[in-house]
Structure formats: C-alpha cells, structure tokens
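**Q** First the structure, then my questions, so here it is.
The values are calculated or read from the model by the stated rules, or taken from the named source; none is laboratory data. In this text the structure is predicted, and so the values were computed from the model without any measurement. Methodologically, a virtual Cβ is constructed for each residue, glycine included, from the backbone with ideal geometry; neighbour enumeration extends over all protein chains shown.
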Amino acid sequence: MEKEKEQVRSGAVLSYLILIAGNAIALFYTPFMLRCLGQAEYGTYSLVVSVVSYLTLFDLGFSNVIVRYGSQYKGSGDKEREGRLYAGFLRIYAVIGILVWAAGLYLAFHLSLLENTFRPEELETAKLLMVMGVSNIALSFPLSVFRAVVTVNERWLFLKGVELARTLVTPAAVVLLLLAGYRSVALMGVTVAVNIASMLLHLSYVRGKLRLRIRKGSRLEKETSGEMLSYAFLVFLGMVIDRIYWSTDQVILAAVSGPAAVAVYAIGATFPAYFISFSTAISNVLLPRITKIVAEGGSAREQDRRLTALFVKTGRLQFWILSLILSGFWCFGKDFIRLWAGAAYEEAYWIALVIMAPSIVPLTQNVGISILQAKKLLAFRSVMNLAVAALNLAVSVPLAFRWGGIGCAVGTSFGTVVGAGLCMNLYYHRKAGIDLRLYWSSIFRMIPVLLIPLACGILLKEYWRLDSYGRLGLAAGLYMAVFGAAAYGLGMDPYEKGLVTGLWRRVSAARLYGSGSGKHKKLPEGAGKAAEEGQDV
C-alpha cells in the first residue's frame with residue numbers, strides 16, 4: 001500500500017514537472033513558430049490540430065472503461081477477466097482505427113467550408129496536415145490499450161517519464177526543423193513520430209516489465225459487456241461535450257473570419273489549456289484509487305466521508321496552484337503576450353482571461369468527475385452538459401459575428417458558469433454524497449489571502465514598466481514569493497504545510513547527497529510526515 005501511495009505522489013509531482021517544463025519550453029518556441037510560419041500558416045496548423053482532435057471521439061469512452069474495469073479486476077485478483085478485457089478492447093480499437101482513418105481521409109478532401117476564407121495554397125496545406133494527423137490518430141487507437149494497462153498498474157513513474165521525454169523531444173525537433181527552413185508539414189511529422197514512439201514504449205513495458213501477454217482471440221464477457229457499453233456511452237457523451245466546448249470556437253472563427261482570427265484565438269486558448277492541465281495533474285492519477293475505495297464497499301456514510309475528504313484535500317491543493325496562475329495572469333498576462341507573441345495578438349489576453357476566470361470552480365473540483373465515474377453516476381452530468389454545450393454553441397455563433405474571438409470566449413464562459421459551476425455543485429452535494437458545504441467553507445477561508453499578492457501585483461503594474469522579459473520575470477518572481485509567503489503563513493492547513501516542508505527537506509537532502517559531501521544520509525525523522533499521512537493522495 002505504501003508503495004502504491006509513493007507511485008501516486010511521484011506521479012503527481014512528475015505531472016507538475018512535465019507541465020512546468022512544457023510551459024517553460026512553450027515560452028520560447030511558440031513565438032518562434034509564430035514568426036517562422038506567419039499568422040496565416042500558424043492559424044491553418046492550429047485549425048487542423050483542432051479538427052483532427054474531433055476524431056479522438058471515436059474512442060467512445062472505452063479508454064475509461066479499460067482503466068475502471070481493469071482496476072476492478074486487478075483489485076479482486078481476477079487475472080483471467082483482466083486479460084480478456086485487454087484482449088477484447090485491442091480488437092475493438094483495431095477496427096476503430098480503420099474507421100477513423102477512412103473518415104478522416106474523407107474529411108481531409110472535403111474542406112469546402114473554408115474555400116471562402118482560405119487561399120488555395122492554405123487549403124492544400126490543410127489537406128496534407130489533415131492526412132498526417134488522421135493517420136496518427138488511427139494508429140494511436142490500438143496502441144493506447146497498452147498505456148491503459150500501465151495506468152491500471154499505477155506505474156506513474158514510467159508513464160510520466162515517457163510523457164516528460166515527449167515534452168522535451170517534440171519542441172526541440174520542431175525548433176531544429178524550423179531553423180532548417182521546414183514548415184508546418186514537418187512539424188506535424190514530428191508530432192506523429194514522437195507519439196507513435198511513446199506508444200511503442202508502452203507496449204514494450206507491458207510485455208517486458210509487466211510481463212503481460214494478451215492472448216489472441218480473447219473476447220469480452222457477455223455478462224459485463226452491456227454494463228461496460230452503458231458506462232462508455234456516458235463517458236463518450238462527456239468527451240463530445242468537452243470537444244464542443246474547447247474546439248468548436250476555432251472552427252466557427254475559421255468560417256466567419258479566416259486563419260488570422262483562428263491564430264489569435266489559438267494563442268488565447270493556449271493559456272486556458274495549460275490552466276486545465278495544471279488542475280488535472282493530480283486528479284488524473286486518482287481514478288484507480290477512487291475506484292478501489294468504491295469497490296471496497298462498507299457503509300455509504302463512511303465511503304462518502306472518505307471521498308469528501310479526498311475531494312476537499314485535492315480541491316484545496318488545486319485552488320492554491322490555480323489561483324496563483326489566474327491572479328498572476330490577470331496582473332501580468334497582457335504585458336507577457338505583447339512581448340511574447342506581438343502586439344497583433346493582444347486580444348488573446350482577453351480571450352484567455354474570459355475563459356479562465358469562471359473555469360477555476362470546476363477545475364478545483366474535477367476529482368468529482370472520477371468519483372462520478374466510480375459510482376456510475378455520470379448520466380446527469382452528461383445530459384446536463386450536452387444541453388449546456390448546445391446553448392453555448394447557439395450563443396457563440398452570433399457573438400462571433402459581432403465580437404470575433406472574444407464573443408466565442410464569452411459563450412464558452414457562460415456555459416461553464418451554468419453547467420460545470422452551478423448545476424454540478426448541486427449534483428455533487430445532493431446525489432454523489434460529497435459535502436459541498438465543507439468544501440466551500442474551506443475554499444472561502446482561502447480567498448482573503450489572495451488580496452495580499454493581488455495588491456502587490458497591482459502596485460508592480462502601476463509603478464514599474466514591464467517592457468522587457470527581465471523586468472517581467474522579476475515582477476513575476478516577486479509576485480510568486482509574496483503569494484507563497486501569504487499562502488503558507490495565513491492560508492495553508494497543516495497537511496499542506498507538511499507537503500511544502502517535506503518537499504523542501506527532500507530537495508535539500510538530495511542537494512546534499514548530490515554534492516558528494518559524504519555517505520547517503522536518510523531524511524530527518526518526520527521529514528514530510530504530513531505528506532506521508534495523506535490518506536489517499
């Protein structure tokens with residue numbers, strides 16, 4: 001059990017390292033891409049990536065099924081059913097991959113919707129990029145089974161290690177190709193090659209380290225296949241809604257305004273994407289653990305108590321991280337975008353801020369989605385979100401004609417407030433057994449602490465010209481220092497302080513060990529004790 005907890009903690013830490021590394025790299029190579037490709041070609045590339053992402057919907061929610069039922073069978077020690085599960089979905093995904101490839105090729109050669117806003121050469125580039133992206137998605141489907149197997153076994157160090165390698169290799173290769181004079185087609189080629197290589201590593205790990213052999217011809221059990229399909233449909237519905245929320249705006253702008261508007265919106269949408277990824281870094285590693293809590297049974301009251309404690313604990317951690325990012329972006333985001341992408345992309349600041357601000361509520365609660373999955377309570381969320389997504393689409397189209405990218409962002413935020421905010425909070429509290437009063441009372445006690453760093457940020461913006469990366473970096477560093485001191489001194493609970501001090505002691509001990517100053521020293525007694533006492537994190 002302790003080894004599993006260490007894997008979860010290490011996985012969460014590595015997730016944040018990946019995010020930090022990816023974001024830091026993006027600070028350098030995204031503006032480089034903008035200048036090498038130009039606004040129109042970058043907009044074309046971004047549009048194709050957005051459209052191709054729709055094909056991932058052919059997953060139909062099966063990836064969650066594999067993790068959920070694989071964790072269940074592994075927890076009960078039923079290796080026979082676990083093996084049949086993987087083999088059955090390997091066959092299913094092979095068929096899906098072929099269908100995706102055919103559908104994607106048809107879509108690539110039928111882009112008539114863009115003929116009025118794209119030049120002929122831009123359309124030809126879009127077609128080639130589509131063919132490459134579609135082939136990548138089609139090959140990924142059967143290979144994704146092996147990543148799911150590693151997830152079920154909670155080997156987070158390997159999973160996140162591969163992901164970190166992808167994060168570092170992809171932009172490095174992109175920069176080299178752009179310096180050599182290559183364009184967007186070569187960039188897509190790098191993405192495809194790195195993705196397939198990482199999935200082959202998952203395959204090798206399953207066969208070599210986990211020593212799992214998936215027998216050919218194995219089929220899913222008829223007794224549970226209906227239950228799996230029902231569960232998968234609800235997950236799939238959620239995927240459709242998420243895709244409408246986060247990808248349709250660029251398609252609308254492509255039809256209404258052309259590739260330049262898509263490029264500006266793509267830059268603006270980059271920051272909410274990073275914002276979301278910081279919140280999911282913790283919750284993504286908890287689905288197997290939540291599934292086990294539910295599968296263990298016990299009284300409903302005790303189960304809800306444990307899940308509420310996990311909900312509040314992860315929500316508070318996510319709130320500290322996300323409030324730092326959101327408040328910092330509010331203070332310094334406009335100056336950063338002006339320096340980073342250029343004055344032509346200044347509107348991207350407002351697009352990003354409008355989307356990010358209301359999304360902090362559902363993002364601090366996204367572990368609740370895993371709880372709904374484990375409790376088989378996804379139906380309400382799926383139906384409600386589908387209705388809200390339709391409303392969002394109906395609002396975004398007229399707003400796009402009137403205000404362009406900002407109009408689309410307003411439509412998206414409206415849906416976030418109504419659906420993921422108000423409706424889901426009521427459902428978590430009344431049906432899922434999560435004590436939202438305990439959650440919100442805890443969050444509200446944290447909010448006044450934010451006034452101190454916000455005042456600092458306002459003063460820095462008012463009295464300091466942030467017209468260079470050096471000045472901006474120094475201002476951001478001061479802001480983070482004030483935020484950290486205020487949070488630690490006035491807002492963090494003992495568990496959170498234990499995580500901070502435990503991490504600091506581990507880093508200090510590692511530095512001493514790495515200095516070669518003597519034999520390896522054990523960590524001081526009690527170092528990170530509060531982190532070790534975390535029940536589920």
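**Q** If Tyr463 satisfies all but one of (1) crowded, with 16+ Cβ neighbours inside 10 Å; (2) closer than 28 Å to Gly342 by Cβ; (3) of a type in the set (Phe, Trp, Tyr), what's the number of the condition it fails?
**A** Condition not satisfied by Tyr463: (1).
**Q** While we're on this one: Within the group Leu111, Leu168, which residue is closer than 26 Å to Val190 by Cα, touching a helix residue (DSSP H, G or I) at 6+ places or on another chain (Cβ under 7 Å) and either touching a residue at least 24 places away in the same chain (Cβ under 8 Å) or basic (Lys, Arg) (or both)?
**A** Only one candidate passes the filter, namely Leu168.
**Q** Further question: Would you please list the contacts, defined by Cβ atoms under 6 Å and residues six or more apart or on different chains, that run from a residue in the range 231-242 that is closer than 15 Å to Ile66 by Cβ and among the polar types (S, T, N, Q) to a residue that is at pLDDT 70 or above and crowded, with 20+ Cβ neighbours inside 10 Å?
**A** Partner pairs satisfying both residue conditions: none exist.
**Q** crowded, with 20+ Cβ neighbours inside 10 Å, modelled with pLDDT of 85 or more, part of a helix (DSSP H, G or I) and charged (D, E, K, R), is that true of Lys313?
**A** Values: crowded, with 20+ Cβ neighbours inside 10 Å: yes; modelled with pLDDT of 85 or more: yes; part of a helix (DSSP H, G or I): yes; charged (D, E, K, R): yes.
Spelling it out, Lys313 is indeed crowded, with 20+ Cβ neighbours inside 10 Å, modelled with pLDDT of 85 or more, part of a helix (DSSP H, G or I) and charged (D, E, K, R).
**Q** What do you reckon, is Glu80 buried (at least 19 other Cβ atoms within 10 Å of the Cβ) and of a type in the set (Asp, Glu)?
**A** Considered against the rule, which asks whether it is buried (at least 19 other Cβ atoms within 10 Å of the Cβ) and of a type in the set (Asp, Glu), Glu80 comes out as no.
**Q** Of all residues in the range 24-48, which are under 21 Å from the mean Cα position of the chain (by Cα) and within 19 Å of Leu128 (Cα to Cα)?
**A** Selection gives Tyr45, Ser46, Leu47, Val48.
**Q** For the range 495-507, name all the residues that are more than 17 Å from Ile443 (Cβ to Cβ) and not aliphatic (A, V, I, L, M).
**A** Within the range 495-507, Lys497, Gly498, Thr501, Gly502, Trp504, Arg505, Arg506 qualify.
Okay, residues lined up against (1) at pLDDT 90 or above; (2) surrounded by fewer than 18 Cβ atoms within 10 Å (Cβ to Cβ); (3) over 18 Å from Asp242 (Cβ atoms); (4) β-branched (Val, Ile, Thr):
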| site | (1), (2), (3), (4) |
| --- | --- |
| Ile355 | yes, no, no, yes |
| Leu378 | no, no, no, no |
| Arg381 | no, no, no, no |
| Leu386 | no, yes, no, no |
| Ala389 | no, no, no, no |
| Pro398 | no, yes, yes, no |
| Cys408 | no, no, no, no |
| Gly415 | no, no, no, no |
| Arg430 | no, yes, yes, no |
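**Q** Quick one: which of Gly470, Gly518, Gly477 is modelled with pLDDT under 85, surrounded by fewer than 17 Cβ atoms within 10 Å (Cβ to Cβ) and not polar (S, T, N, Q)?
**A** Gly518
**Q** Moving to a separate point now. Mind checking which helices (runs of 4 or more DSSP H) fall wholly inside the range 364-429 and carry at least 1 residues that are among the aromatic types (Phe, Trp, Tyr) and over 18 Å from Asp249 (Cα atoms)? Spell out the reasoning first.
**A** On the way: elements: 367-375, 378-403, 405-415.
In the range 364-429, the matching helices (runs of 4 or more DSSP H) lie at 378-403.
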